[in-house]
Structures are given as C-alpha cells and as structure tokens.
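What follows is a single structure, written as structure tokens, with notes after it.
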Amino acid sequence: MKLNLFLLCFSLFFITQCFSQTNEQQINKSTTYNNENWPQYMGPNMNAKVKSEYIPSAHPEISWEFKYDGGTPTPLVVDKGTTFFGTESKNVYAIDSIGNLKWKVELDSRIKHSPLIYEDILVVAPDSTLIYGINALNGNIIWKREFSYEYKSYISDKKDMFGRTIVTDPDKFTIKKMGQNEAPPFIDKGQVLITTYHHFGILDIKTGKTQSSFQKNQGKISIPLITDDAIYTTNRYNKLFAYNKDTGKLKWETKLSELETKPILYKDTIYTSSYYYLNKIDKNSGENLGAFHSIESRKEYDIIDNETYYTSKNGYHTHMGVNYGSYLTAFDLSTGEEKWDFNIEGKYITELIMVGDYIYFGDSSGRIRGVHKITGEKLFSGYIGGSIDTPLSYANGKLYGAYEKNEKYVIFAVE
C-alpha cells in the first residue's frame, strides 16, 4: 500500500514538473520575440529600436529570398509575416512569409520612401504629389489623395545669369502643381502624417481624407520627429523647428550649423547632429543646451538608448588607394566621452537598428553584422550575397533586408 502511494505521489510530482517546464517553455517562447511587426520606417516607435530577447545564431542562415527585376527598393516594412516595399521602378510588392510574391501594383512615380502598414492598409508616398492607401491583403488601391499646391509659372524667353525666368508679362503664366513627398509617411495615433515640400498633412488612414494641414517653413527637411504634442524638423538652412501638432503654429525655431540627422527626443531634450557635433536643444523653448564632439555621421538618423548615443560613418578611398573603413561609435550622452567604437572594412554601412541588446546593420561588402550595444563586441558577421544599401528591419525573430548583385535586387530574411 505504501509502495503504491509512493509511486502515485512520485507520478503526480513528475507530471507536475513536466507540465511546469512545458508551460515555462511556452511562456518563454511567446515572450522571446515580443514585436511581430516592423510597420514603418525606423520601426514601431519611429526610433529604430525595439525591446526583444532576440539573439540570432553566430552563423545566421537565410530563411528565404525573393528576386526581382526593377529599381532600388525602399527599406522594408513587415506585418503579420508579409514584407512590403516600393521600388524606383514605381512598383509596390508584397512578399509572403516564405518568400513568394503575393501581389504587385504599379503607381504613378518612383518610390524612394518606405511605406507604412496599419490595420491592413498600406500607405505609400511616391516621388510625386500623390498619396496611396492600398489594401495590404490583395494590392487593390483603396484611396488616392493628391496633396499639393498650385503656383504660377511665368512664361518668358529672358533668363538671368542663374537661369531663372525674368518676368516680362505678368499675365503670361501657366498653373503648375508642387508638393512632392519629402519623407516617409508615419502613423501616429491611427492617423497618417505626410511631409511635402511646403506642408505637413494628417490624413485618415481608412479614407485618405485630410484631418488637418499646415504650412511649414520652405526647404527640404529632415525626417520629422513626432511627439504627443509637437512635430520637430530641420530644413536645408540649418534651422530646427518645433510646430504644435494640433494647430500647426510654430512654437520656436533655432539656428544651428551643418545639420545632418533626424531630431531625436530623449528625456525632454532634442538631439540632432551637425557635422562633428551632437547638439542638445530644450524641447519646450528651443534653447541651445550645448554640444559635444561626435563624428561626421551624414546618416538619416542615429539612435539614443540608456544614456548612450550611437552613430556611424561611412568609409572612403583616397586617391592614393588608402581605404578608411567605416565605423560605428557609442558616446556617453552626459559627458560626450567615447564608450567604444567598431571598425568595418566595408566602404558603406547602412543606418543602424537596435533589437534588444544588439545593434544590426548591413554593408557594401554584402555582410550583415551584429554588435553588443554595451560593449561593442561583435556578435556575428554573415555574408548574405551582395551589397546592402538600405537599413535592415526586424520582426518576430528575423532580420529583413535587401541586397544588390549583378544589377539585380534580392529581398531576404535571416534568422
């Protein structure tokens, strides 16, 4: 009797332990890769970083590839296993979770900005005055919105020394449209923010109807920074602007020098790089809080995380044949002191993304690389197949990107 009771208790303990281990494994599996989508340029929060426990193999393997004939691809967005991108040949592609074409649609102009995906609607901003809302499931165009303004183009045979038209008769003119898309569309609280040469516009993602629109200061701008109450951006005249997001009213502007990257918000301070310096600006007043010596990045964006500023620079060849490699560097945000740097022999590296504790990027030698964000130590370096020119994306345990080889483009996923 005692023996049977002992065996019964042991069996119950063994079953309980097995169930506990199985349940723990299921929990770990479900929380390991806690972002399933990369819905827009620079990721879910528009800051090029996501929280995740994802760590790829030291020898990452290609999960799938998709080859196509066409122009340069935009950075990729990923939603529920489907990868979306546009190309300079005017086409938008949707690729399924194993690398097969789901659909393709041609738009009015080349596409150089990353699309965004939200609730099965793909928003694309080509190099024109049009914005498209596309059914992400089948590629059908749901809505098409023109977001432009008209201006007078005067007709005259006379030109000044700079080739500009000299108006001789104010009654001779044609009406033209202007307002090409200047930046990728972004999603903010279920609405789409678009950026044209002269305006910001907020559209309803389901219908494309304008919710609000306001004029910004003229000139080509950086990718905007969107917060709860403001939009921050720079222009080609090295000015940083803050606009009220609801009214469009200019809150403040400040003059800097040689501005390069998208503004970054970190703990009530705006950071933006200019040439060899990282500027610190008070987000409420626009007051310049100082700067520290950095590196000449010339990238569209950098990353700030846990009091550390991460930036990168492309290498180059001199006329004497000397190769100065690319490198990425981590700086202490409070002191400006360099924490570490990582050198790469390749001539060109992409913008960085941060997934959990690691930073990932591609380079012109055809490799994707991962380094630890705290130490700068290399996690892996894997050859993919050709030059990687656009930033990587991440979703649900895979890195996504594109490479060029023999004038062909290949979209890939690795894990």
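The values are calculated or read from the model by the stated rules, or taken from the named source; none is laboratory data. Everything numeric in this text was worked out from a predicted model, so none of it was measured. Glycine gets a Cβ as well: all are built from the backbone with ideal geometry, and neighbour counts include every protein chain shown. Only protein heavy atoms, including side chains, enter the accessible area calculation; ligands, DNA and RNA are left aside. Shrake-Rupley method; radii C 1.70, N 1.55, O 1.52, S 1.80 Å.
Look at residue 231 and say whether it is surrounded by 21 or more Cβ atoms within 10 Å (Cβ to Cβ), of a type in the set (A, V, I, L, M, F, W, C) and not in a strand (DSSP E or B). So that I can check it myself, show each step before the final result.
Working: surrounded by 21 or more Cβ atoms within 10 Å (Cβ to Cβ): yes; of a type in the set (A, V, I, L, M, F, W, C): yes; not in a strand (DSSP E or B): no.
Against the criterion (surrounded by 21 or more Cβ atoms within 10 Å (Cβ to Cβ), of a type in the set (A, V, I, L, M, F, W, C) and not in a strand (DSSP E or B)), residue 231 does not qualify.
Which ranges mark the strands (runs of 3 or more DSSP E) fully within the range 62-126 that have 2 or more residues being touching a residue at least 24 places away in the same chain (Cβ under 8 Å) and open to solvent by 30 Å² or more (accessible area, probe 1.4 Å)?
On the way: elements: 62-68, 77-79, 82-86, 91-95, 101-106, 116-118, 121-124.
Result: 62-68, 101-106.
So which residues in the range 234-260 are more than 20 Å from residue 351 (Cα to Cα), among the hydrophobic types (A, V, I, L, M, F, W, C) and assigned to a strand (DSSP E or B), if there are any at all? Lay out the reasoning, then the answer.
Residues of the range 234-260 more than 20 Å from residue 351 (Cα to Cα): 235-257.
If we keep only those that are among the hydrophobic types (A, V, I, L, M, F, W, C) as well, we get 240-242, 250, 252, 256.
Answer for the range 234-260, where residues must be more than 20 Å from residue 351 (Cα to Cα), among the hydrophobic types (A, V, I, L, M, F, W, C) and assigned to a strand (DSSP E or B): 240, 241, 242, 250, 252.
When the range 173-201 is examined, which residues are found to be at pLDDT below 80, of a type outside the set (Phe, Trp, Tyr) and part of a strand (DSSP E or B)?
Those that are at pLDDT below 80, of a type outside the set (Phe, Trp, Tyr) and part of a strand (DSSP E or B): 174, 175, 176, 177, 178.
Return the residues of the range 127-143 that are among the polar types (S, T, N, Q) and assigned to a strand (DSSP E or B); say none if nothing qualifies.
If we filter the range 127-143 for residues that are among the polar types (S, T, N, Q), which is where we start, we get 128-129, 135, 138, 140.
Selection gives 135 alone.
Considering the range 243-266 alone, what residues qualify as being β-branched (Val, Ile, Thr) and open to solvent by 50 Å² or more (accessible area, probe 1.4 Å)?
First, pick out the residues of the range 243-266 that are β-branched (Val, Ile, Thr): 247, 254, 261, 264.
Matches in the range 243-266: 247 only.
Looking only at the range 267-281, filter to residues that are of a type outside the set (Lys, Arg) and open to solvent by 40 Å² or more (accessible area, probe 1.4 Å); which one of those is farthest from residue 333 (Cα to Cα)?
In the first step, residues of the range 267-281 are kept if they are of a type outside the set (Lys, Arg); the result is 268-279, 281.
Next, only the ones that are open to solvent by 40 Å² or more (accessible area, probe 1.4 Å) stay: 268, 275-277.
Working: 268: 13, 275: 17, 276: 15, 277: 12 Å.
Ranking the qualifying residues of the range 267-281, first place goes to 275.
Is it the case that the range 45-56 has a residue that's open to solvent by 60 Å² or more (accessible area, probe 1.4 Å) and within 18 Å of residue 227 (Cα to Cα)?
From the range 45-56, those open to solvent by 60 Å² or more (accessible area, probe 1.4 Å) are 45, 51, 53, 55; that's our starting set.
Narrowing the set further to residues that are within 18 Å of residue 227 (Cα to Cα) leaves 45.
Yes, the range 45-56 has at least one match.
Per-residue answers, yes or no, for (1) farther than 30 Å from residue 289 by Cα; (2) open to solvent by less than 10 Å² (accessible area, probe 1.4 Å); (3) in contact (Cβ under 8 Å) with a residue 40 or more places away in the chain; (4) not in a loop (DSSP other than H, G, I, E, B):
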| residue | (1), (2), (3), (4) |
| --- | --- |
| 327 | no, no, no, yes |
| 334 | no, no, no, no |
| 365 | yes, no, no, no |
| 370 | yes, yes, yes, yes |
| 401 | yes, yes, yes, yes |
| 409 | yes, no, yes, yes |
